Amino acid sequence: MALEKSKWLRIPVFAPAIMAFVISGAGAGERTVQSKVTAVTVFSDRAQVVRTCAETLPAGEQQLVFDNLPATVERTSLAMEGSGSGILREVKFRQEAAAGNTDSLSLVLAKQKRKIEETLAETDDRTKQRGGEKQFLENISLKVTERGASERGTSPELDTMKWQKMVAFYRNRLEALTREIRETERVKRDLTDSLAAVNRKIADLGRNVGTERNQAVVSLFMKEGGRLTLNLSYIVYGPSWTPAYELRMVSAKKTLKMTYKGTLRQNTGEEWIDAEIRLSTAQAYIGGNQPELSPWYINFYAPAPYPQYSLAKSKRYERLAAAPAPAMANMMETEAQVKEEGNIAPPPELAVAETGVESGALNAVFAIQGKTTVASDNQAHTVTIMTKELPAAFRYSTVPKLSARAYLKAKAINETDFPLLKGASSVFLDNTFVTNSTLENVTPGQEFWTFLGVDEAMKVEHKQLNRFEKDQGILGKKRKVEFDYLITITNNRKTEEEIVVWDQLPIPGDGDIKVELVEPKWKENTAGLKKNETQYLEWYFKMKAGEKITIPFNFTVEYPEGKTVTGL
């Protein structure tokens with residue numbers, strides 16, 4: 001009798017009643033299969049795991065059990081694909097009651113596990129508290145900075161003494177919080193390693209210290225005996241990957257050799273041995289990046305109004321806080337595999353008992369070549385996505401007002417087919433490590449810059465020569481304040497170098513405030529001097545070896561007498 005040939009199947013689990021189903025023992029006629037993790041797609045905070053089994057089954061109704069699914073499995077994410085002759089009826093999740101182990105070693109391991117998990121939870125709480133305090137500090141800093149004031153549409157409350165006190169307080173407390181968070185993260189890593197070790201001991205003993213095991217039960221009908229292959233997929237929370245880069249600049253060749261890597265961690269209790277690993281692109285400091293200018297706003301002082309509490313706004317925030325997170329289906333968009341698939345004809349595929357099942361699209365992924373092993377130890381496992389040598393150009397950049405340092409940076413174009421995600425980068429210049437930096441998101445074909453850190457051979461000085469105030473006018477008296485600065489750049493290198501220098505003018509927040517650039521003279525943008533709508537000034541120089549240049553910077557601020565201007 002000829003067997004019916006079926007189509008590829010993907011049966012998801014939807015019914016909430018099924019995922020809450022708990023029984024105390026294996027059902028009659030059930031068969032526990034031996035399965036192996038064969039493929040994993042890793043997201044930023046979870047993974048889609050595929051377990052594969054191959055079985056020869058007799059004719060008739062069959063109940064196959066995939067045992068010991070991870071504790072953090074998403075119960076509604078179970079789905080099945082397969083090949084062979086037969087009809088798949090359903091896939092359901094259940095929790096199988098496990099007999100308790102009362103021997104002393106099991107009790108000790110269980111107690112250790114509970115203690116570590118409790119300490120981990122306390123560590124997470126401390127990290128959240130310190131993170132909240134850092135955010136609170138950021139909010140305070142916004143109150144006395146131009147950017148924060150402009151975003152609120154109010155004038156900034158800023159004077160020299162307040163700025164100095166705020167900077168000292170902000171720096172000292174932020175450094176302390178950063179140290180505490182770094183130490184807490186170190187403790188958390190140690191605890192996670194200890195938890196992984198305890199879990200491995202429990203697994204080695206062959207005991208399940210707990211009250212239940214997660215299982216997937218597959219129901220299918222075989223018209224006659226035969227062999228089939230089943231692929232069970234599910235989402236498990238906890239695994240993650242982050243992009244990382246090794247950037248090697250060769251100044252003589254003017255090239256950038258970029259190695260694009262992925263760092264994986266997982267502690268699910270499953271060992272991913274010789275599995276196909278895919279990294280989803282759907283969902284990243286150590287000094288090396290120069291500080292950025294913010295628009296400089298000035299305005300007349302106006303006392304802040306007494307704050308009023310809004311009940312409507314409070315309830316709106318409560319509703320937003322209670323809103324559910326996006327569903328996993330919304331996170332899955334398009335798949336873009338890097339490697340080519342083989343042209344081997346697949347075996348006949350299992351038929352599906354029901355029709356009209358919708359199949360969701362998958363995330364774009366990088367398919368790592370070959371097989372990869374990732375142990376369940378929460379340790380960093382690094383895989384290489386690609387390596388590429390790109391032409392590069394070098395340039396210095398400095399913001400003397402904020403930092404008397406010159407920052408070397410390199411420009412390149414992403415000539416690969418790979419999107420570069422935001423991630424940490426280790427930067428080498430002529431085989432010497434120079435800094436850790438951050439590479440921003442870069443699409444294929446897009447130009448990008450990467451900072452190479454501070455170069456002390458390019459000396460930068462910033463001095464305020466004068467601040468002069470005077471009254472003028474007879475009837476409508478005005479106060480005029482003149483600011484006079486001098487920027488000095490010295491190229492102590494033995495080669496010609498390019499450098500860009502940044503500074504800014506204040507932006508009036510009232511029509512009665514007049515700001516005039518005295519020096520340098522500017523009428524329109526040129527290759528050597530540019531000014532944008534936020535009043536940022538950009539000087540460009542090509543400096544000879546040993547050359548020293550001076551940049552005079554002078555401007556005036558005029559406003560009616562009797563008024564107080566904040567922000568200067």
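The values are calculated or read from the model by the stated rules, or taken from the named source; none is laboratory data. The structure displayed is predicted, hence computed values, not measured ones. Cβ atoms come from the backbone with ideal geometry, glycine included; neighbour counts cover every protein chain shown.
For every residue, the table says whether it meets (1) among the hydrophobic types (A, V, I, L, M, F, W, C); (2) surrounded by fewer than 16 Cβ atoms within 10 Å (Cβ to Cβ); (3) more than 23 Å from residue 536 (Cβ to Cβ); (4) in contact with a Cys (Cβ under 9 Å, 6 or more places away or on another chain).
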| position | (1), (2), (3), (4) |
| --- | --- |
| 380 | yes, yes, yes, no |
| 387 | no, yes, yes, no |
| 399 | yes, no, no, no |
| 433 | yes, yes, yes, no |
| 463 | no, yes, no, no |
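If you scan the range 375-415, which residues turn out to be over 29 Å from residue 277 (Cβ atoms) and of a type in the set (Gly, Ala, Ser)? Those that are over 29 Å from residue 277 (Cβ atoms) and of a type in the set (Gly, Ala, Ser): 392, 393, 397, 403, 404, 406, 410. The set of residues in the range 408-429 that are assigned to a strand (DSSP E or B) and surrounded by fewer than 18 Cβ atoms within 10 Å (Cβ to Cβ) comprises 411, 413, 424, 426, 428.
The condition (being among the acidic types (Asp, Glu), modelled with pLDDT of 65 or more and over 26 Å from residue 377 (Cα atoms)) is satisfied by just one residue among 133, 118, 183, 146: 133. Can you say whether residue 455 is of a type outside the set (Ser, Thr, Tyr) and over 19 Å from residue 290 (Cβ atoms), as far as the supplied structure shows? It is false that residue 455 is of a type outside the set (Ser, Thr, Tyr) and over 19 Å from residue 290 (Cβ atoms).
Anything in the range 480-535 that is under 34 Å from the mean Cα position of the chain (by Cα), of a type in the set (S, T, N, Q) and part of a strand (DSSP E or B)? List them, or say none. Passing the criteria: only 504.
Of the residues making up the range 439-454, those that are surrounded by 20 or more Cβ atoms within 10 Å (Cβ to Cβ) and closer than 14 Å to residue 255 by Cα are 450, 452.
Yes/no per residue for (1) within 22 Å of residue 77 (Cα to Cα); (2) at pLDDT below 50; (3) out of contact with any Pro (no Cβ under 6 Å at 6 or more places or on another chain):
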{"site": "352", "(1), (2), (3)": "yes, yes, yes"}
{"site": "356", "(1), (2), (3)": "yes, yes, yes"}
{"site": "359", "(1), (2), (3)": "yes, yes, yes"}
{"site": "362", "(1), (2), (3)": "yes, yes, yes"}
{"site": "365", "(1), (2), (3)": "yes, no, yes"}
{"site": "375", "(1), (2), (3)": "no, no, yes"}
{"site": "382", "(1), (2), (3)": "no, no, yes"}
{"site": "386", "(1), (2), (3)": "no, no, yes"}
{"site": "391", "(1), (2), (3)": "no, no, yes"}
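Give the residue that is surrounded by the most Cβ atoms within 10 Å (Cβ to Cβ), with candidates limited to residues of the range 511-565 that are within 19 Å of residue 293 (Cβ to Cβ) and of a type in the set (Val, Ile, Thr). The extreme case among them is 557.
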